[in-house]
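Here's the structure, in C-alpha cells; my notes come after.
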Amino acid sequence: MREAEGNIAELVAVPVVGRVVAGLPLLAEQNITGEILVDSAVVRQGRCFALEVQGDSMKDVGIKINDLLVVRQQPVADNGDIVVALLDGDATVKRLSVRGAQVELRPENARHKPIPVGPESDFRIIGKVIGVWKRPARTRGRAGPSSRSD
C-alpha cells in the first residue's frame, strides 16, 4: 500500500472483537476473533477495534452486512457521528442525534425506526466509527481469487 507522496504507508493491526448489529441492538461479543491491517494515519489517535456488521439499518451510508467497522474507543461523540453504543446492555451502530435533552440513535435505512434514549435508559457510547473495511466478495460456484467489493 502506498500513499500519494510515494511513501510506504505504515500499517497497524486492529483487533476484531466481535459483531455489532446495524438493526436491532445485539450484545457485542468481547473476544478477539481476528485482526485487520489499517493505515496508521486512520487510527493515529486513541485505541481502536473492529466489529463485524450484522443487519442493514446503516446501508444508506454504505455500511453493509459483513463489513468491518473500525471504531475509535471513546465515551463521547458529537451530534451526527456514527457510533457504536450500548443501550440497556445491547450494542448497536447508529447515527447519534442530540437535540436539547432528546437523544436518539438513528438508522440510515428508511425501513428502520429511530431508537429513543430515555432518561431511564442504561446508555453509553463505546466509540465513534472512523472507517469501514469492505470484505472481499466471495465468488459463487467457481474457484478463483476474491475480488474487492466497494
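The values are calculated or read from the model by the stated rules, or taken from the named source; none is laboratory data. Note that the structure is a prediction, hence the values are computed from the model and not measured. Glycine also receives a Cβ, built like all others from the backbone with ideal geometry; neighbour counts cover every protein chain displayed.
Looking at the stretch 97-131, which of its residues are in a strand (DSSP E or B) and touching an Asp or Glu at 6+ places or on another chain (Cβ under 6 Å)?
Ser97, Pro116, Lys128
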Does Gln102 meet the test of being modelled with pLDDT under 95, surrounded by fewer than 18 Cβ atoms within 10 Å (Cβ to Cβ), under 16 Å from Gly131 (Cα atoms) and of a type outside the set (Gly, Ala, Ser)? no
Report yes if Arg95 is under 11 Å from the mean Cα position of the chain (by Cα) and at pLDDT below 85, otherwise no. no
Check off (1) more than 28 Å from Asp88 (Cα to Cα); (2) at pLDDT 70 or above; (3) of a type in the set (D, E, K, R) for Glu3 and give me the number that stays unchecked. (2)
If we keep only residues of the stretch 116-150 that are over 20 Å from the mean Cα position of the chain (by Cα) and among the hydroxyl-bearing types (Ser, Thr, Tyr), then the residue modelled with the highest pLDDT is Ser121
Just checking, does the stretch 67-86 include any residue being assigned to a strand (DSSP E or B), under 19 Å from Pro136 (Cβ atoms) and polar (S, T, N, Q)? no
Would it be correct to say that Ala91 is surrounded by 18 or more Cβ atoms within 10 Å (Cβ to Cβ) and either among the aromatic types (Phe, Trp, Tyr) or part of a strand (DSSP E or B) (or both)? yes
Every listed condition ((1) surrounded by fewer than 16 Cβ atoms within 10 Å (Cβ to Cβ); (2) modelled with pLDDT of 90 or more; (3) under 15 Å from Lys134 (Cβ atoms); (4) touching an Asp or Glu at 6+ places or on another chain (Cβ under 8 Å)) holds for Asp60 save (3)
